[in-house]
Amino acid sequence: MSTPAVAVDPLRKQDIAANLAEIAGRVAAAVAARGDPSVQTRLVAVSKTKPASDIAAAYELGHRHFGENSNKCKALASVPNLWVVETIDSAKKAVAMNKACEGREEPLSVFLQVNTSGEESKSGIAASECVAVATEIVQTCTKLRLKGLMTIGAAHNVHDGVNPDFELLVNCRKQIAEALGLNDLELSMGMSDDFEAAIKYGSTNVRVGSSIFGARSYPPKN
Ligand SMILES: *Cc1c(COP(=O)(O)O)cnc(C)c1O
């Protein structure tokens, strides 16, 4: 393991360590409460606009799953160790990403983003389009590998752990599995305020930012 070439402030690192430990503990407890050992959930640390030294700190602490925001297909496609792009939010974006990946040897894994809450501020395909867009990706985007579905969902849908947006994404996965025989699609859902509810619904990938790195400095459009 090489040391990142970014200076890490020890006090800041302590804060991030405490936050990471707390969130990782809550993720583990929610996974245990879900009671299905065959389904695991990875914790993705989303750094947004935070400095690279914060990412370096988390890395030094042993954390390995990081999420970054980028809307540039070409730039993304050229990142050699990129693991997954979670924000394929239209058939058009899938085609553009596929084209940008022409030079890649291995297909790029992608999550299809679904706008489960229907809010205008959120990106993603409508739930009713999920089978059609998934089919297009599988049949025509040879440089993409459909790995799962992603959603953000509405902020208010967290009462009692009941969340119709997460339920809708689960249902999308079921429809796609039935239509295309894809039985191992992941579910990326759950952020700082609702990751425990998301895990209850079967999320395999929670994306947590502000609870690890502190409040966001501005609200980017998702
Ligand atoms: C910012 C962001 C997150 C993390 O949100 P927090 O509420 O800060 O945990 C997760 N997913 C996406 C797509 C984001 O843009």
Task: Percent of C-alpha pairs per 10 Å bin, the stretch 25-155, short to long - done: 11, 35, 36, 17, 1
- [ ] Run the dipole for the chain about the Cα centre, Lys and Arg Cβ at +1, Asp and Glu Cβ at -1, nothing else charged, and hand back the magnitude in debye, nearest 20.
- [x] 560
TODO: Output the lone cysteines of the chain: those with no second cysteine's C-beta under 4.7 Å from their C-beta.
DONE: CYS73, CYS101, CYS141
Task: Estimated FRET transfer efficiency (LEU182, ASN69; beta-carbon r; R0 30 Å; 0.05) - done: 0.65
Open item on the list: Helix-only mean residue ellipticity at 222 nm, the chain, DSSP H runs n ≥ 4 weighted -39,500 (n - 2.57), per residue, nearest 500. What is it?
Closed with: -12000 deg cm²/dmol
Task: Three semi-axes of the equivalent ellipsoid, the stretch 161-222, Cα gyration tensor, whole Å, largest first - done: 26, 12, 10
- [ ] Determine by what factor the alpha-carbon radius of gyration of the stretch 2-69 differs from 2.2 N^0.38 Å, reporting the quotient.
- [x] 1.24
Open item on the list: Amide H of VAL85 versus every other amide H placed in the peptide plane: which residues, excluding those fewer than 5 positions away on the same chain, fall under 5 Å?
Closed with: SER109, VAL110, PHE111
Task: Tail fraction, Cα-Cα pairs, the chain, threshold 27 Å, whole percent - done: 34
Open item on the list: Exposed loop sites here are GluC sites (Glu not before Pro) in DSSP loop states with at most 15 other C-beta atoms within 10 Å. What is the longest stretch of the chain lacking them?
Closed with: 121-222
Task: Average Cα contact separation per residue, the chain, under 8 Å, 6 or more apart, as relative contact order % - done: 23
Open item on the list: Just to confirm, what accessible area per residue do you get for the stretch 1-93 at 1.4 Å probe, in whole Å²?
Closed with: 59
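The values are calculated or read from the model by the stated rules, or taken from the named source; none is laboratory data. Just so it is clear, the structure is predicted and the values come from calculations on it, not from any experiment. As a convention, Cβ positions derive from the backbone with ideal geometry for all residues, glycine included, and neighbour counts pool all protein chains shown. These accessible areas exclude ligands, DNA and RNA; they are computed on the full protein's heavy atoms, side chains included. Shrake-Rupley method; radii C 1.70, N 1.55, O 1.52, S 1.80 Å.
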